[in-house]
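Novice: One structure coming up, written as structure tokens, with questions to follow.
The values are calculated or read from the model by the stated rules, or taken from the named source; none is laboratory data. The structure presented is a predicted model; accordingly, all values stated were derived computationally and were not measured. Neighbour counts are summed over all protein chains in view; Cβ atoms, including those assigned to glycine, are modelled from backbone coordinates with ideal geometry.
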Amino acid sequence: MHGSVPYKTKQFFFVLIKLSIVVGAFYFIYSKIAENENLRFGEFIGFLKENGTFSLKNIFFLVFLSTFNWFFEILKWQSLVNTIKQISFRNSLEQSLGGLTASLITPNRIGDYGAKAVYYAKQLRKRIVLLNLLGNMAQMTITTIFGTIGLVIFVNRYQIDVNYYRVARFVFLILLVGIFAVFGIRHKRFRLKGYSINRILDAIKTIPNKVHFINLLLSLVRYLIFSFQFYYLLTIFGVDVAYSKAMVVITSMYFLASIIPSISIFDVVIKGSVAVFLFGYVEVNELTILSIITIMWLLNFALPSLFGSYFVLNFKLPRIEE
């Protein structure tokens, strides 16, 4: 009896946690906009007005692209979760945006895993974490495929000085880790939260191939949408560059930025640094690139997370029988 916590106390701490998540998200969004050392807010707004970025047509089309970006992410999550429990599009919307809000200040958006898991009963949470991992892996796979192709073309086109010895050493290290991983899997020595790798692979195999295909397809559609959105912003700012040429740089940028560990709130800084370096080779000025990166972050992360805060505040723990 001494170890039990009164119901009202539990409710108080539960509300406190939800408020902390929302307040934290709002604060970090504000600080990233108002205290960005790379791009001052006044300079950013002045640059947008100068280039006519705030025209009704441009705003509508940019928001339209961001909406569809998240529409397909929500569909992807619904398709994955339906393999263990039928959920509506509205449920998937709530979990996706709520998870985004909760993950905003965590390294590599790791908070998204825990946030989505708590929407489900305890016995389903490990499967939910696995499904979330599969969704993220599919997006990373698409990013890696397009990014690798783009980076190879970029290096050859602009004669980038690459230290091939270091690259070879890195590839050798990856292969070595892969060999040990395969060895561990075959001997069932590696475990994740009490589950052997074999058991995790068996769980993945139970998911229909159709779902894996839809997962990859929707990840591809999302990638094409937000990469085109970046190109569209280039045209708004008057950058005269061919679509194919721009996509080589854009795909390289997303790939390099995605393999750098970061807190989601600093994603705009990392992508900005990578983008400034890469777009320097196609003679796009730094202010233009930093403005585009900021707009992309606001449209695809900050704005959806503000909507997600509503779901966080209204979140209720699932019933035990679920």
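Novice: So which residues in the stretch 125-147 are in contact (Cβ under 8 Å) with a residue 60 or more places away in the chain and more than 20 Å from LEU220 (Cβ to Cβ), if there are any at all?
Specialist: LYS126, ARG127, LEU130 - these are the residues of the stretch 125-147 that are in contact (Cβ under 8 Å) with a residue 60 or more places away in the chain and more than 20 Å from LEU220 (Cβ to Cβ).
Novice: Based on what the data block shows, is ARG199 of a type in the set (Lys, Arg) and either at pLDDT below 95 or not in a helix (DSSP H, G or I) (or both)? Full working, then the answer.
Specialist: On the way: of a type in the set (Lys, Arg): yes; either at pLDDT below 95 or not in a helix (DSSP H, G or I) (or both): yes.
Yes, satisfied.
Novice: I need a count of the residues in the stretch 130-158 that are under 23 Å from ILE21 (Cα atoms) and surrounded by fewer than 17 Cβ atoms within 10 Å (Cβ to Cβ).
Specialist: Looking only at that region, the number is 2.
Novice: What about LEU287, is it at pLDDT below 90 and within 22 Å of the chain's Cα centre (by Cα)?
Specialist: Values: at pLDDT below 90: yes; within 22 Å of the chain's Cα centre (by Cα): no.
No; evaluated as a whole, the condition is false for this residue.
Novice: Kindly indicate whether any position in the stretch 109-117 is hydrophobic (A, V, I, L, M, F, W, C) and either farther than 22 Å from SER219 by Cβ or surrounded by 14 or more Cβ atoms within 10 Å (Cβ to Cβ) (or both). Don't jump to the end; show me each part of the working.
Specialist: Looking only at the stretch 109-117, we keep the residues that are hydrophobic (A, V, I, L, M, F, W, C), and these are 110, 115, 117.
Still in the running and either farther than 22 Å from SER219 by Cβ or surrounded by 14 or more Cβ atoms within 10 Å (Cβ to Cβ) (or both): 115, 117.
There is at least one residue in the stretch 109-117 that is hydrophobic (A, V, I, L, M, F, W, C) and either farther than 22 Å from SER219 by Cβ or surrounded by 14 or more Cβ atoms within 10 Å (Cβ to Cβ) (or both).
Novice: Take the conditions at pLDDT 95 or above, in contact with a helix residue (DSSP H, G or I) (Cβ under 6 Å, 6 or more places away or on another chain) and not in a loop (DSSP other than H, G, I, E, B) and apply them to LYS18. Does it pass?
Specialist: Values: at pLDDT 95 or above: no; in contact with a helix residue (DSSP H, G or I) (Cβ under 6 Å, 6 or more places away or on another chain): yes; not in a loop (DSSP other than H, G, I, E, B): yes.
So LYS18 fails the test.
Novice: Scanning for something closer than 30 Å to THR288 by Cα, part of a helix (DSSP H, G or I), modelled with pLDDT under 90 and of a type in the set (Lys, Arg), does the stretch 49-68 turn up at least one residue?
Specialist: So far as the stretch 49-68 goes, yes, one or more of its residues are closer than 30 Å to THR288 by Cα, part of a helix (DSSP H, G or I), modelled with pLDDT under 90 and of a type in the set (Lys, Arg).
Novice: Ok, one more. May I ask you to list the residues in the stretch 100-112 that are in a helix (DSSP H, G or I), closer than 18 Å to MET137 by Cα and either touching a Cys at 6+ places or on another chain (Cβ under 9 Å) or modelled with pLDDT under 90 (or both)?
Specialist: Here is the first cut: in the stretch 100-112, the ones in a helix (DSSP H, G or I) are 100-103, 111-112.
Then keep just the ones that are closer than 18 Å to MET137 by Cα; that gives 100, 103, 111-112.
Answer for the stretch 100-112, where residues must be in a helix (DSSP H, G or I), closer than 18 Å to MET137 by Cα and either touching a Cys at 6+ places or on another chain (Cβ under 9 Å) or modelled with pLDDT under 90 (or both): SER103, GLY111, ASP112.
Novice: If you check every pair at least six apart or on different chains, which have Cβ atoms under 8 Å apart with a residue in the stretch 301-322 that is over 14 Å from ALA115 (Cβ atoms) first and a residue that is assigned to a loop (DSSP other than H, G, I, E, B) and modelled with pLDDT of 85 or more second?
Specialist: These pairs meet every condition: ARG319/ALA121; ILE320/ALA121; GLU321/ALA121; GLU322/TYR120; GLU322/ALA121.
Novice: What number goes with the only condition from (1) part of a helix (DSSP H, G or I); (2) modelled with pLDDT of 60 or more; (3) of a type outside the set (D, E, K, R); (4) surrounded by fewer than 17 Cβ atoms within 10 Å (Cβ to Cβ) that LEU97 does not pass?
Specialist: (4)
Conditions (1) at pLDDT 85 or above; (2) among the hydroxyl-bearing types (Ser, Thr, Tyr), marked per residue:
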{"residue": "ASP240", "(1), (2)": "yes, no"}
{"residue": "SER244", "(1), (2)": "yes, yes"}
{"residue": "THR251", "(1), (2)": "yes, yes"}
{"residue": "ILE263", "(1), (2)": "no, no"}
{"residue": "ASP267", "(1), (2)": "no, no"}
{"residue": "ILE270", "(1), (2)": "no, no"}
{"residue": "ALA302", "(1), (2)": "yes, no"}
